[in-house]
Amino acid sequence: MSDLAQAAARVIANVEKVILGKHHEVSLAFTALLCQGHILIEDVPGVGKTVLAKAIARSVGGTFRRIQFTPDLLPSDVTGVSVFNQKTREFEFRPGPVMAQIVLTDEINRATPKTQSALLECMEERQVTVDGVTYPLPRPFLVMATQNPIEYEGTFPLPEAQLDRFLMRINLGYPSPEDEIAILNSQQYAHPLESLEQVITIDELLAMQEEVKRVHVDDLIKEYIIALVTASRKHPDVYLGASPRGALALYRTGRAWAALDGRDYVIPDDIKALAQPTLAHRVIISPAARIKNVDARAVVDEILRSTPVPGTRVRAGRS
């Protein structure tokens, strides 16, 4: 796992040349990429959501496409369309921008639910079906969606089925005053993204994704994950708790988080560190609790405090 951790550190350090002072958030984003998952970045405008996606794409050498979601965007504008060729007298498939390795869906909640649903098959099955014909998406495939929480005018809330397909929800937040000064200095002559270089290849990334699957998760850790997810479903302030996909998200990200630390096993601290980004967006607060301004993140924090952390035990064949 040391080689994987070193390669991941190179990518994270490269992205941090552009995204300053956000080591934890950049690490979470790369963790999602290692898990072959998708990311929802929810934050105020101008904190670097789009730049983060571009920096990751350049660092790994992946193909990058950006889709600006607007109310008049159609599903075919995302997935592609079949066009009749007058010369061959046959229909030809013109792929949409989703046929890329890293896809940025900017302001995803600006589009109508009909257009948002065009991503459901892409994100889960990693394929596109147009006019009855299925086209596989490239590997790796990562959707990074952004939305601005303060701009409710002209937006369409993401449905639960869409939210559940995002492995993580990340908040970048404002930089510290020192980091903001560094941002001003770094862009005195040009944006640092323009000179950002590739540090690993796509083949190396695919190998890292397979290597993560070898990280061991003890049965006690699995029981801890299920206990957290079950508690989210039974919490009195929750209308809809985390789904089995949420448990899988916590399981998969826990392995990748351990690999980033150079370990081939998951510890409870890995799960605790990832509970917020993987579970909070899947928890739907009940209307009565919403009136009292109960937040999903606060519910997850309460569940983490009240759920016992498993002890340790020796595995057979290990000292």
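Of 181, 200, all but one fail to be touching a helix residue (DSSP H, G or I) at 6+ places or on another chain (Cβ under 9 Å) and of a type in the set (A, V, I, L, M, F, W, C); the exception is 200.
I need the full set of residues from the range 1-24 which are of a type in the set (D, E, K, R) and either under 18 Å from residue 101 (Cβ atoms) or crowded, with 20+ Cβ neighbours inside 10 Å (or both), in order please. Result: 22, single match. Going by the structure shown, is residue 194 at pLDDT 90 or above and exposed (fewer than 15 other Cβ atoms within 10 Å of the Cβ)? Answer is no for this residue.
Taking the criterion of being surrounded by fewer than 24 Cβ atoms within 10 Å (Cβ to Cβ) and aliphatic (A, V, I, L, M), the only residue of the range 261-270 that qualifies is 267.
Conditions (1) crowded, with 23+ Cβ neighbours inside 10 Å; (2) assigned to a helix (DSSP H, G or I), marked per residue:
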{"position": "249", "(1), (2)": "yes, yes"}
{"position": "253", "(1), (2)": "yes, yes"}
{"position": "256", "(1), (2)": "yes, yes"}
{"position": "259", "(1), (2)": "yes, yes"}
{"position": "273", "(1), (2)": "no, yes"}
{"position": "276", "(1), (2)": "no, yes"}
{"position": "279", "(1), (2)": "yes, yes"}
{"position": "290", "(1), (2)": "no, yes"}
{"position": "293", "(1), (2)": "no, no"}
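Those strands (runs of 3 or more DSSP E) of the range 1-116 in which 1 or more residues are over 30 Å from residue 157 (Cβ atoms) occupy 80-85, 90-95.
For (1) buried (at least 16 other Cβ atoms within 10 Å of the Cβ); (2) of a type in the set (A, V, I, L, M, F, W, C); (3) part of a strand (DSSP E or B), each residue gets a yes or a no:
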position: 139; (1), (2), (3): no, no, no
position: 146; (1), (2), (3): yes, no, yes
position: 157; (1), (2), (3): no, no, no
position: 174; (1), (2), (3): no, no, no
position: 182; (1), (2), (3): no, yes, no
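The values are calculated or read from the model by the stated rules, or taken from the named source; none is laboratory data. These numbers were taken from a predicted model, which means no experiment stands behind them. Positions of Cβ are generated from backbone atoms using ideal geometry, with glycine treated the same way; all protein chains shown enter the neighbour counts.
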